[in-house]
Amino acid sequence: MKITTIKYVRNKCNTFFWTIYNKIRLRYFWKIEIGKDSSFNGILCIWKNSKSQITIGNGCMFISNANTRNLVGINRKCILNTQRPGSKIIIGNNTGLSGTVISSAISVEIGNNVKCGANTQIMDSDWHPEDPRSGTPKSIIIHNNVWLGLNVVVLKGVTIGENTVIGANSVVTKSIPANVLAAGNPCKVIKPLNIENR
């Protein structure tokens with residue numbers, strides 16, 4: 001019981017410290033808009049083009065520390081990256097990210113109440129634009145109440161509809177409709193979800 005209490009207090013102290021530290025960095029150094037009541041556990045890694053936009057909504061949580069209450073196994077810090085002028089990352093309210101990488105060459109928009117499971121990656125480009133094999137970047141939209149499972153990768157040009165759940169280790173290469181369970185590599189719809197009975 002004592003060990004559990006110590007861990008709880010330590011986690012609260014870590015979150016308090018990292019929240020203050022990250023908010024100062026985001027607002028005053030990176031000029032990033034951040035809403036009320038967002039919190040951080042561990043350092044959020046940022047690379048932001050000076051002529052790009054990153055917006056974080058209210059009540060978001062960024063977990064970048066493996067020694068937290070998320071015991072699934074976070075293997076990296078959360079990373080937000082805008083690659084070029086005009087790139088944008090917009091994260092809605094009450095969204096949780098655990099060791100998540102979001103990279104935008106054009107646009108990545110994430111809605112409200114989205115769960116990004118441990119080590120998820122969301123990338124709207126193939127990187128390496130100097131390589132002729134690299135395709136054109138395409139925007140990503142993840143609608144409200146989507147759940148991305150452990151290690152999910154969302155690639156360029158994808159839209160994921162409201163309330164959809166993407167199973168662990170899936171690679172999402174094409175758009176997925178609302179209110180479904182989808183999984184696999186490449187990710188495909190498995191079954192519709194009855195949201196009222198969930």
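So the values come out like this:
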| item | result |
| --- | --- |
| Computed lengthening from N49 to D131, 0.36 nm per intervening residue step minus Cα-Cα distance | 27.4 nm |
| Cβ crowding within 10 Å averaged over residues, with 109-121, 24-36 ranked highest first | 109-121, 24-36 |
| The chain: relative contact order as a whole-number percent, Cα under 8 Å and 6+ apart | 11 percent |
| Order by protection proxy (mean Cβ within 10 Å, highest first), peptides 98-107, 9-18, 173-182 | 98-107, 173-182, 9-18 |
| Unsatisfied cross-links (Cα-Cα over 20 Å) in the set K77/K115; K51/K77; K88/K156; K12/K48; K23/K77; K156/K191 | K51/K77; K12/K48; K156/K191 |
| Estimated inter-spin distance, N113 and R10, nm [label 7 Å along Cα→Cβ] | 3.5 nm |
| Beta bridges per DSSP with both ends in the chain, % antiparallel, nearest 5 | 10 percent |
| Protection proxy ranking, peptides 53-59, 186-192, average beta carbon neighbours within 10 Å, highest first | 53-59, 186-192 |
| Spherically averaged projected area of the stretch 2-197 from its Cα convex hull (nm²) | 11.8 nm² |
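A short reminder: the numbers here are calculations on the coordinates, not readings from a lab. Predicted model only: the values in this text are computed from it and were never measured. Backbone-built Cβ (ideal geometry, glycine too); neighbour counts: all protein chains shown.
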